[in-house]
1. If you keep only loop residues by DSSP, which trypsin sites (Lys or Arg not before Pro) in the stretch 42-78 have at most 12 other Cβ atoms within 10 Å of their Cβ?
2. Mean projection of the alpha-carbon convex hull of the stretch 50-115 over all orientations, in nm²?
3. Taking a label point 7 Å from the Cα of Thr135 along the Cα→Cβ vector, which residues of the stretch 42-79 have an amide N closer than 14 Å to it?
4. Mind listing the phi-derived Karplus ³J(HN,Hα) values for the stretch 59-66, rounded to whole Hz, using 6.51, -1.76 and 1.60 with θ = phi - 60°, and x for any glycine or proline?
5. Amide H to amide H, which residues 5 or more places from Ala116 or on other chains are under 5 Å from it, using H placed in the peptide plane?
6. Give the ranking of Asp179, Asp88, Asp154 by solvent-accessible surface, highest area first, calculated with a 1.4 Å probe.
7. Suppose every K and R has +1 on its Cβ and every D and E has -1 on its Cβ; what is the size of the dipole of the stretch 75-157 about the Cα centre, in Debye to the nearest 20?
8. State which entries of Lys78/Lys189; Lys112/Lys189; Lys92/Lys189; Lys92/Lys112 exceed 27 angstrom in Cα-Cα distance in the structure shown.
Amino acid sequence: MYFVVKSRRCAKCVRRSNMKTFIRVLAVSLVITFGTATLSQATQVIHRSIEQLGQQSSLVVRGKVTGVRSFWNDKHTKIFTETEITVDQSYKGDQPPAILILQLGGVVDNVKVNVAGALQWRADEEVLVFLEPYTNGAFQVSGFSQGKFNIVRDPRTNQPYIERPSQDGVELVGGATPDALKRASRVEKMPLERFIDQALGRK
């Protein structure tokens, strides 16, 4: 059984003590249940175009997910998920052999913290990520979850294409009409190099 916390942006969790779990949450919307939880609201994120992602990110790399783990922070007040990516190619910035990406949320010690719209990671999935420095040498995905793209390959030619993962739990805001923002959240399947050219303004 999990003790589940869902919030719009952040949560603070304290470990089970004397057979009870005390969960403190700072958020606008809060739902706490045992075993299951429902959340009607989404995390609001300022929309970034593909070009803005390219301009505002300090690192743009392609690679494979080689590890995912969740852990408490040093003060034992938050749970983070750390994703390791082995870098195959860098399109912007230096090319390290591997990078670490941090995001809020995860499962530790039977405490599960869910952040609406947070990214999901699978071992061995190939991804293109737009990144910004975070802390202690780790990175965060640019635009909350907008800067991650899945890479799929043509079974005959092995040519890489990009697809944007689901944006469920994310509400894009930023001046355009709701319909325009909804369309902007979808990225059609596109050859990887053409997508990179567009994002980085390459001719």
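1. In loop regions of the stretch 42-78 (DSSP not H, G, I, E or B), the sparsely surrounded trypsin sites (Lys or Arg not before Pro) are Lys75.
2. 5.7 nm²
3. Under cut-off, by backbone N: 71-79.
4. Coupling constants for the stretch 59-66: 9, 10, 9, 10, x, 10, 6, 10 Hz.
5. For Ala116, whose amide H was placed from the backbone, the distant partners under 5 Å are Ser7.
6. Sorted descending by solvent-accessible area, the residues read Asp179, Asp88, Asp154.
7. So the magnitude is around 260 debye.
8. Details: Lys78/Lys189 36 Å; Lys112/Lys189 33 Å; Lys92/Lys189 22 Å; Lys92/Lys112 35 Å.
Among Lys78/Lys189; Lys112/Lys189; Lys92/Lys189; Lys92/Lys112, the Cα-Cα distance tops 27 Å for Lys78/Lys189; Lys112/Lys189; Lys92/Lys112.
The values are calculated or read from the model by the stated rules, or taken from the named source; none is laboratory data. Quantities reported herein were computed from a predicted structural model and do not represent experimental measurements. Backbone-built Cβ (ideal geometry, glycine too); neighbour counts: all protein chains shown. Protein only, heavy atoms only, side chains kept; ligands, DNA and RNA dropped before computing areas. Shrake-Rupley method; radii C 1.70, N 1.55, O 1.52, S 1.80 Å.
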